[in-house]
Amino acid sequence: MSQPESRPAWLLLVHQLPPRPTNLRVKTWRRLQALGAIALKNSVYVLPNSDPCREDFEWITSEIQAMRGEATVFAADSIDTFTNDEVIAAFRQAREADYAALERDADALSAAGAKRGARPPARQRLARGARQVKERLTALDATAFFPPPNRDAAASAVARVERLAEGAAPVAAGGPDRLDPTRFQKRLWVTRPRPGIDRLSSAWLIRRFIDPKARFAFADTPPTSGSAVPFDMYGVEFSHTALGCTFETLAGRFGLASAPVQRIAHIVHDLDLKEARYGAPEAPALAQLVDGLRLMHDDDAELLEDGIGIFEAFYRAFAAGGDAGTQRRRLRPRARRT
């Protein structure tokens, strides 16, 4: 049997921005920085060639084109005069300063927390700071495709803050006003083609708890008129926000906070945002199920409906009470006495 061809090593984004608006260049640069992309040449950015990275680049491409700019994404095994080792070194160097800054900030928190004592306000500040540096570490790890040598030192500094903050009072997080599901009945919900983990789970959440008669359609850009509701699209209300991924945004805006929904939210969060915040044991299996569905279905509507079924199954299993091991123990027959 012949071996499958390996995919090219790199994805390149080549773009040209219009002179107006003047803030577009800075906005695009910040977006590319957030993805972990590095600039090897003027207006040429590179990421490792993976499906999530391609989706990230395609998303930015659509943004640039919507602003009347030009952008193209293509794959390459090599990049002109750069060797692969040089590209990897550039990735590491780009993240090294970020990890160093994180280590300094975490060490400063530890020093301040040790001095302030155990009064409630000080404990709350320390807990807030610990959460913030942990989130920064998680975000950095998600874009450190080739971690620099000082990554472990930064992680150790963050762990020290977390240990110091153990038992600190939780800090309440404010959120946007809660929405009434009755305003969103029998709607057409529109999202991007080829749905993945966040869009499949969000569609399930919509139909299960928000709009039982929801219909779904797919488009590259959000609808501009009518009663259609876009979700998990750039620049819309129901997408990635401070609440998290689209699933978390929908759950937060509509007040869906049951234990089974929260368990699914944790899984979707880690898989969609490429984090390990919650470490749910079901996450790897669900990721493979979604990948398999995308390979099975060329039709996005069929893919979405099967995905909704999978999340309904997870929800019912979680609502029934317990993990897979508990369920297996419940179903194991008792030995007969002879």
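The values are calculated or read from the model by the stated rules, or taken from the named source; none is laboratory data. The structure presented is a predicted model; accordingly, all values stated were derived computationally and were not measured. Neighbour counts are summed over all protein chains in view; Cβ atoms, including those assigned to glycine, are modelled from backbone coordinates with ideal geometry. To get the accessible areas, we keep the full protein, side chains included, count just its heavy atoms, and leave off ligands, DNA and RNA. Shrake-Rupley method; radii C 1.70, N 1.55, O 1.52, S 1.80 Å.
Figures for the structure shown
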quantity: Relative contact order [Cα under 8 Å, 6+ residues apart], region 54-159, whole percent; calculated: 33 percent
quantity: Solvent-accessible area of S62 with every protein chain in place, 1.4 Å probe, in Å² to the nearest 10; calculated: 50 Å²
quantity: Residue among W204, W189, W29 with the largest mean-square fluctuation in a Gaussian network model of the chain, springs linking Cα atoms under 10 Å; calculated: W29
quantity: M67 accessible area, assembled protein chains, probe 1.4 Å, Å²; calculated: 70 Å²
quantity: Rounded to the nearest 10 Å², the accessible area of E302 at probe 1.4 Å; calculated: 100 Å²
quantity: Test item: Cα-centred dipole of region 214-310, Lys/Arg +1 and Asp/Glu -1 on Cβ, debye; calculated: 440 debye
quantity: DSSP beta bridges in the chain [antiparallel fraction, %, rounded to 5]; calculated: 70 percent
quantity: Per residue accessible area in Å² of region 190-249, where ligands, DNA and RNA are left out and the probe is 1.4 Å; calculated: 40 Å²
quantity: Only Lys, Arg (+1) and Asp, Glu (-1) charged, at Cβ; the chain dipole about Cα centre in debye; calculated: 1880 debye
quantity: Solvent exposure, largest accessible area first (probe 1.4 Å, DNA, RNA and ligands not counted), of T224, T22, T143; calculated: T224, T22, T143
quantity: Mean shadow area of the chain, taken as a quarter of the surface of its Cα convex hull (nm²); calculated: 25.8 nm²
quantity: 16 Å Cα-Cα reach of K274 towards lysines, excluding residues that sit fewer than 8 places from it in its own chain; calculated: K134
quantity: D107, D85, reordered so the largest accessible area comes first (probe 1.4 Å); calculated: D85, D107
quantity: Charged-residue dipole, Cβ positions (Lys, Arg, Asp, Glu), region 1-102 about Cα centre, Debye nearest 20; calculated: 560 debye
